[in-house]
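J.: If you scroll down you'll find the structure; I have some questions about it.
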Amino acid sequence: MSDNATRQEALPGAAENHAGDHKPYAAYLLGLADDAMVYAQRLSEWMTNAPQIEEDMALGNIALDLLGQARALYPYVGSIDGTGRGEDDYAMQRDEREWRNVHLVEQERGDFADEMARLLWFSARQVELHTALAGSADDVLAGVAGKALKEVRYHLDHASLWVVRLGDGTDESHRRMQAALERVLPYLAELFDDDEASVLAAGLGVGVLPSSLHDAVVARAGRVVDEATLTLPNDSPWRSRGGRDGVHSRPMGYLLAEMQHIARSHPGATW
Amino acid sequence: MVVPVPVRMVGGVPVGVLVFVCHHGILSGDGDPAAASPRSTVDPALDALGPISHTGLMYGNDVIDPNEPLNAAETAVYDAAAAHDDQRDSRGGVGDEFDALIAADQRIEPRDAMPEKYRETLVRQIAQHAHSEIIGMQPEGNWISRAPSLRRKAILIAKVQDEAGHGLYLYSAAETLGVDRQELLDRLHDGRQKYSSIFNYPTLTWADCGAIGWLVDGAAIMNQVPLCRCSYGPYARAMIRVCKEESFHQRQGFEILWTLMRGTEAQQAMAQDAADRWWWPALAMFGPPDTGEATKGGHTEQSMAWGIKRFANDDLRQRFVDMMVPQAEKLGVVLPDPELRWNDERGHYDFGEIDWDEFWQVLRGDGPCNAERIAHRRRAHEEGAWVREAANAYAAKQAARTKESAA
């Protein structure tokens, strides 16, 4: 057990992490990592619940990609925020107020149309975001983004194929897909909010202003929606806000309770 | 509690795990058959499931020697099956007649004429196998959202994905026999076809993910490696790929338990509890007794004559016990069988009586999770119906548009 405790203290890379340079844009990177992490968690819920076996695999694959992106970023965040934390410290040990993801990704799993609407918008944002970040002044982030770009292009492609099929499929699927586009709408504006951390990171040439991605993302999603014979809704009486400040919607607490339960029930344990 | 068994080491490997002899020329192993010992009272061919052949890096290698086979897919029998030459022109002049092909131990391919009973037997077996992969996604899928670390979460997602992929290979293999996936899924959903009863047991703790990988996947591989030489080509080829991936899963399961057994007291208790609950159901996975007086009846005899089945249930079960006992000792878990002990005379481990009443009860539908597994599967299928209909409708529209533009 003492051996176990020792190993736990020495999280992978922790020693080196402490020696890393303190950089002011850790919060920005944490937002990127948390978006990917929380969406991976939600997407993985589809496994065994998808409309066909191929889709169990595809959504699991997308979840794995996003999980991989989060895992690439967390230890780096730990190396530049002065805490030396590892990936599981971020994923398993933080409370709701410390999470910086947008509300879009934390929403409960809806029907398949809801998921394809969310995946379409999220992936369109990720494609534009990672395209920009591949040229980041931070080499680590540029590397992560360059690899992620290949993955999120596939995610966007997958969502697009389904949105078109559902929109231009049967009357029922058209109605469901249109309703899903309307339900996801209130969560989109938050994707393009220029929060404090983004402004700082963009100013350093490390990050990109979310608002600067807006037009390109809407254009990408819009083309798919047109082809699907659907209509892009643009009028919502309310919009989500606050995710980047750790102010989340109701489902977030439950998501964390489930995800963190085992890890937190065994303090100091190695898995 | 288990009677401590001295693990005798020969050349760095425990005897009883790695004994092998050449058999029917299917082995590429370099062992001298005469020197192999101890001799078996079980089908000697089973001893062939032994020699080390895989050294590739995989999960689990950091806790156990990668040169030591942990499961039957890491043996030369697997290699020999995987290297089987499927080319029709290699059949050595036996012609295309079913009985001649079977007699020559050649593979039957989809276009070959075959007895209707042979086809039906294969459809039933392949479909049941495919259903087991799909239903088998649920017990472990149950832990994806709660995996205790991100590394474990990633491994588990990939594993459940593999199971979906195995289901797809197998449904495709069944489709070569003239029955489509939709029909097979209907048979699963309305109870006309079964899946492995093992998946009717619950996954109560994280350690169950380890026990399933180690024991359930280990038993599945033991059953499936001989199927890599199945007389029906598409099934045999699917098994070659499936076994390779299952071998990763089995190592991952071993590693989960290994880590738990070296963790806190609570973690050790969790691992032991999982081994207690999964050991007997894993042994039952090989099916009811079919040697000695039980030889007649059941499917074993005919399936063996057709080259679908290669070894008796009891022989594979014995081989599995022989392989797992030393692994349990390495892990530090106690297998829940007071009668488990090495029998020098037989050259095998003796073990206690399986509760066949429980086996038949679960098989009849009265297991802890039978209703839940099928309800989950049916719900996903029914909730997805409108999506599949949309995809079909879109495909039909596209086909019509293509036709129109070509006209």
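J.: Output ³J(HN,Hα) for region B:222-234: one whole-Hz value per residue in order, computed from phi by the Karplus curve 6.51 cos²θ - 1.76 cosθ + 1.60 with θ = phi - 60°, and x for Gly and Pro.
T.: 4, 6, 8, 4, x, 6, 5, 10, 4, 5, 8, x, x
J.: Another question about this same structure. Please report, for the Cα atoms of region A:139-271, the Rg to one decimal and the Dmax as a whole number; what are they, in angstrom?
T.: Rg, Dmax (Cα atoms, Å): 18.6, 54.
J.: Return the inverse of the average 1/r over all pairs of distinct C-alpha atoms in region B:109-236, which is the Kirkwood hydrodynamic radius, in Å to one decimal. Provide the component values of the computation, followed by the final result.
T.: Numbers: mean 1/r = 0.0638 Å⁻¹.
When all Cα pairs of region B:109-236 are included, the Kirkwood radius is 15.7 Å.
J.: Along the Cα-to-Cβ line of B:Arg364, 7 Å from the Cα, sits a label point; which residues in region B:268-291 have backbone N less than 15 Å from it?
T.: Hits in region B:268-291 for B:Arg364 at 15 Å: none.
J.: Now, a different point. Springs between alpha-carbon atoms under 10 Å, Gaussian network over chain A: tell me which of A:Asn49, A:Asn61, A:Asn101 tops the mean-square fluctuations.
T.: Sorting by GNM fluctuation, first place goes to A:Asn49.
J.: Where is the GNM fluctuation largest for chain A (alpha-carbon springs, 10 angstrom cutoff): A:Gln178, A:Gln260, A:Gln69?
T.: Residue with maximal mean-square fluctuation among A:Gln178, A:Gln260, A:Gln69: A:Gln260.
J.: Here's something else I'd like to know. At q = 0.14, 0.23, 0.28 Å⁻¹, what is the log10 ratio I(q)/I(0) for region A:164-216, with the Debye formula run over Cα points and no solvent?
T.: After summing over all Cα pairs, the log10 values are -0.54, -0.81, -0.98.
J.: State the Cα centre-to-centre distance between region B:191-257 and region B:324-363 in whole Å.
T.: Each part reduced to its Cα centre gives a spacing of 19 Å.
J.: Using r as the Cβ-Cβ distance of B:Ser172 and A:Arg264, and R0 as 60 Å, what FRET efficiency do you calculate, to the nearest 0.05?
T.: Details: r = 43 Å, r/R0 = 0.71.
So the FRET efficiency works out to roughly 0.90.
J.: A further question on this structure: Diagonalise the Cα gyration tensor of the protein assembly as shown and give the resulting equivalent ellipsoid semi-axes, square root of 5 times each eigenvalue, largest first, whole Å. Provide the component values of the computation, followed by the final result.
T.: Details: eigenvalues 442, 214, 92 Å².
Value: 47, 33, 21 Å, ordered largest first.
J.: Based only on Cα atoms, what mean projected area does the convex hull of region B:202-359 have, in nm²? Walk me through the numbers on the way to the answer.
T.: Values: hull surface 40.5 nm².
The Cα convex hull of region B:202-359, projected and averaged over all directions, gives 10.1 nm².
J.: I would also like to ask the following. Once phi is turned into ³J(HN,Hα) by the Karplus curve 6.51 cos²θ - 1.76 cosθ + 1.60 with θ = phi - 60°, what whole-Hz value does each residue of region B:173-187 show in order, with x for glycine and proline?
T.: Each residue of region B:173-187 in turn: 4, 5, 5, 5, 9, x, 10, 8, 4, 4, 5, 5, 5, 4, 5 Hz.
J.: A further question follows. When the Debye formula is applied to the Cα atoms of region A:31-178, each taken as the same point scatterer, what base-10 log of I(q)/I(0) results at q = 0.14, 0.16 Å⁻¹?
T.: -0.69, -0.87
J.: Find the Cα radius of gyration of region A:4-265, compare it with 2.2 N^0.38 Å by division, and give the number to two decimals. Intermediate values should be presented prior to the final figure.
T.: Numbers: Rg = 18.3 Å, N = 262, 2.2 N^0.38 = 18.3 Å.
Dividing the Cα Rg of region A:4-265 by 2.2 N^0.38 Å gives 1.00.
J.: How many Cβ atoms of partner chains, on average, are near each residue of A:38-45 if near means within 10 Å of its Cβ?
T.: Other-chain Cβ atoms within 10 Å of each residue's Cβ, averaged: 3.
J.: Between A:Arg250 and B:Glu339, take the C-beta separation as r, use R0 = 51 Å, and let me know the FRET efficiency to the nearest 0.05.
T.: Efficiency, rounded to the nearest 0.05: 0.40.
All of the numbers you see were taken from the coordinates with simple rules; none came from a lab. Please read all numbers here as calculations on a predicted model, not as lab measurements. Heads up, the Cβs are rebuilt from the backbone with ideal geometry, glycines too, and the neighbour counts pull from every protein chain shown.
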